[in-house]
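Before any comments, here is the structure.
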Amino acid sequence: MKKRSGSYPRVRVEGNGRGMVSQAGAVLLAKTVRKTGLDSAISAALAPWRKPRAVHDPGKILMDVALAVALGGDCLADVGLLRAEPALFGPVASDPTVSRLISKLASGGQRVLAALRTARAEVREHVWRLAGDAAPDAGGQVIVDIDGVLVIAHSEKQDAAATWKKTFGHHPLMGFVDHGRGGTGKPVAGLLRPGNAGSNTAADHIEAARLALAQLPKKYRRGRHTLIRCDSGGGTHEFVAWLAARGRWLSYSVGMTITDAIHQAALKIPASAWTPAVEQDGEIRDGAWVAEIDTESDCLTGWPKGIRLIVRKERPHPGAQLRFTDVDGMRLTCFATNTKHAPIAELELRHRQRARAEDRIRAARSTGLRNLPLYDTAQNQIWLEIVQIALDLLAWMPMLALTGAARLWEPRRLRLRLFSAAAQLVTSGRRRILRLAKHWPWTDVITSALTRLDALPNPG
């Protein structure tokens with residue numbers, strides 16, 4: 001019997017291998033870029049900022065950084081991951097060239113941001129048409145979740161300040177389109193704010209909603225088929241009035257702070273008016289009930305016409321500390337909506353599903369939003385746009401190419417199982433062939449996804 005020391009086999013390592021490609025699964029993202037036309041759209045948008053006789057196209061540089069972020073990078077220098085594989089990603093600019101471009105775009109201010117956002121909106125509409133029944137608007141409604149994100153800064157940066165959680169950094173306001181249970185979400189708004197920005201600032205919520213609506217196809221920029229959801233940070237008179245304004249007529253489901261007036265109104269609700277809450281599968285939610293506050297209640301004075309105030313009472317989880325507004329050991333929460341002719345239990349479930357925004361925030365943190373790597377606020381706003389492009393790709397690729405459980409994989413799992421796959425690059429008959437490892441458990445997922453992407457029509 002031969003003894004073996006250690007838990008892992010010994011392997012001799014040599015540095016003279018040829019034809020090998022790391023991060024070969026990233027070809028999925030590169031092909032998604034080509035099939036959606038995102039590279040052409042970004043290049044056209046940034047054409048005014050290209051210098052005469054420039055070697056590298058600004059759009060290609062920005063897309064390279066976005067691809068690096070999608071693969072797990074968290075700073076500009078991580079574009080070197082792509083530079084190491086020219087066979088997959090083509091020529092990649094040097095670090096100084098990338099840095100100069102970001103500074104130049106930052107100096108362009110709102111013109112650059114508007115150009116990038118317009119390009120993303122045009123491509124998004126095209127992608128939704130390609131996705132068909134898998135698109136987030138397949139049911140005739142689009143849901144946008146608006147929520148704040150705390151981004152911690154570990155050094156002095158412009159506009160970094162103490163946050164409401166006693167940390168130090170920035171407090172951007174993000175908007176995400178909800179794909180429902182059958183898919184992930186994608187960003188449609190990113191408003192960079194100082195760390196001490198308020199959680200319930202109406203002007204910021206209105207601006208974030210404007211940015212989100214501008215990213216949607218034109219038919220969803222007004223009307224009841226677009227639902228804006230947010231927590232109690234958006235429960236202000238100004239924001240709700242803006243959503244319900246004449247000519248906009250958006251649907252909304254907005255969390256509300258339990259004020260003394262709402263608390264007193266909730267106490268007056270008769271026991272017979274409470275309805276059991278439900279789960280996504282239609283089953284009754286144990287220990288939770290919902291009721292609607294009378295529209296004639298004083299707590300609705302001054303709010304837009306048609307508003308409905310729905311209260312939920314629920315047994316708190318073990319260890320939770322009750323608040324002064326809780327009643328008889330029950331945790332009270334409240335939200336406002338203008339959706340009519342729908343059971344309140346269904347509306348409460350719809351509002352509770354806003355928690356999926358936390359999954360989108362977790363994905364954003366693992367995709368470049370863990371920190372803002374630059375000093376200037378204008379540069380970090382460009383970085384935030386790059387993060388959104390990377391998140392778009394990580395949502396579009398599964399939507400167009402993956403099926404089943406794989407379509408729900410978050411960025412970390414996509415990187416570990418698909419993008420990190422190694423391969424051998426072979427040139428035969430003037431063709432370059434990427435041979436993935438046969439033993440890799442997810443090779444079939446990659447090849448099937450590439451086949452679906454190949455079947456899509458080329459843009460333009």
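Can you name the condition, by its number, that Ile382 falls short on among (1) in contact with a His (Cβ under 9 Å, 6 or more places away or on another chain); (2) modelled with pLDDT of 95 or more?
That leaves (1) as the condition not met.
Helices (runs of 4 or more DSSP H) wholly in the stretch 257-366 with at least 2 residues that are open to solvent by less than 50 Å² (accessible area, probe 1.4 Å) and over 26 Å from Gly182 (Cβ atoms) - which ones?
260-267
Filter the stretch 149-178 down to residues that are assigned to a strand (DSSP E or B) and surrounded by 21 or more Cβ atoms within 10 Å (Cβ to Cβ), then give me how many there are.
Residues that pass the stated criteria total 8.
Of all residues in the stretch 395-427 being more than 20 Å from Ala66 (Cβ to Cβ) and assigned to a loop (DSSP other than H, G, I, E, B), which is least open to solvent (accessible area, probe 1.4 Å)?
Ala421
Can you work out which of the residues in the stretch 228-242 that are touching a residue at least 60 places away in the same chain (Cβ under 8 Å), more than 30 Å from Gly329 (Cβ to Cβ) and surrounded by 22 or more Cβ atoms within 10 Å (Cβ to Cβ) is nearest to the chain's Cα centre (by Cα)?
Among those that are touching a residue at least 60 places away in the same chain (Cβ under 8 Å), more than 30 Å from Gly329 (Cβ to Cβ) and surrounded by 22 or more Cβ atoms within 10 Å (Cβ to Cβ), it is Ile228.
What's the number of the condition Cys334 fails, among (1) within 31 Å of the chain's Cα centre (by Cα); (2) at pLDDT below 90; (3) closer than 23 Å to Ile262 by Cα?
Among (1) within 31 Å of the chain's Cα centre (by Cα); (2) at pLDDT below 90; (3) closer than 23 Å to Ile262 by Cα, Cys334 violates only (2).
Inspect all residues belonging to the stretch 29-49 and state whether any of them is more than 28 Å from the chain's Cα centre (by Cα) and either at pLDDT 90 or above or of a type in the set (Lys, Arg) (or both).
Scanning the stretch 29-49 turns up at least one residue that is more than 28 Å from the chain's Cα centre (by Cα) and either at pLDDT 90 or above or of a type in the set (Lys, Arg) (or both).
Consider the stretch 189-219. How many of its residues are outside any helix (DSSP H, G or I), in contact (Cβ under 8 Å) with a residue 60 or more places away in the chain and in contact with a helix residue (DSSP H, G or I) (Cβ under 7 Å, 6 or more places away or on another chain)?
Number satisfying all stated conditions: 3.
Could you check Arg352 against (1) modelled with pLDDT of 90 or more; (2) farther than 23 Å from Ile262 by Cα and say which number it fails?
With respect to (1) modelled with pLDDT of 90 or more; (2) farther than 23 Å from Ile262 by Cα, Arg352 is out only on (2).
Residues of the stretch 281-304 being closer than 23 Å to Trp249 by Cα and without any contact (Cβ under 8 Å) to a residue 24 or more places away in the chain, which ones?
Within the stretch 281-304, Thr295, Glu296, Leu300, Thr301 meet the criteria.
Only one of Arg181, Arg248, Arg193, Arg221 is closer than 19 Å to Leu369 by Cβ and surrounded by fewer than 23 Cβ atoms within 10 Å (Cβ to Cβ). Can you tell me which?
Just one listed residue meets the conditions, Arg193.
Provide a single number: the residues in the stretch 42-72 that are among the small types (Gly, Ala, Ser) and surrounded by fewer than 22 Cβ atoms within 10 Å (Cβ to Cβ).
Here the count works out to 6.
Rundown of residues vs (1) closer than 26 Å to Trp164 by Cβ; (2) in contact with a helix residue (DSSP H, G or I) (Cβ under 8 Å, 6 or more places away or on another chain), yes/no style:
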site: Arg120; (1), (2): no, yes
site: Arg124; (1), (2): no, yes
site: Trp128; (1), (2): no, no
site: Ala135; (1), (2): no, yes
site: Ala138; (1), (2): no, yes
site: Gln141; (1), (2): no, no
site: Ile146; (1), (2): yes, yes
site: Leu150; (1), (2): yes, no
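State the number of residues belonging to the stretch 367-392 that are over 23 Å from Thr226 (Cα atoms) and either in a helix (DSSP H, G or I) or open to solvent by less than 10 Å² (accessible area, probe 1.4 Å) (or both).
Of the residues in the stretch 367-392, 16 are over 23 Å from Thr226 (Cα atoms) and either in a helix (DSSP H, G or I) or open to solvent by less than 10 Å² (accessible area, probe 1.4 Å) (or both).
The values are calculated or read from the model by the stated rules, or taken from the named source; none is laboratory data. Predicted, not measured: the structure shown is a model, and the values here were computed from it. Every residue, glycine among them, receives a Cβ derived from its backbone with ideal geometry; neighbour counts consider all protein chains shown. Just the protein is used for accessible areas: all its heavy atoms, side chains included, with ligands, DNA and RNA removed. Shrake-Rupley method; radii C 1.70, N 1.55, O 1.52, S 1.80 Å.
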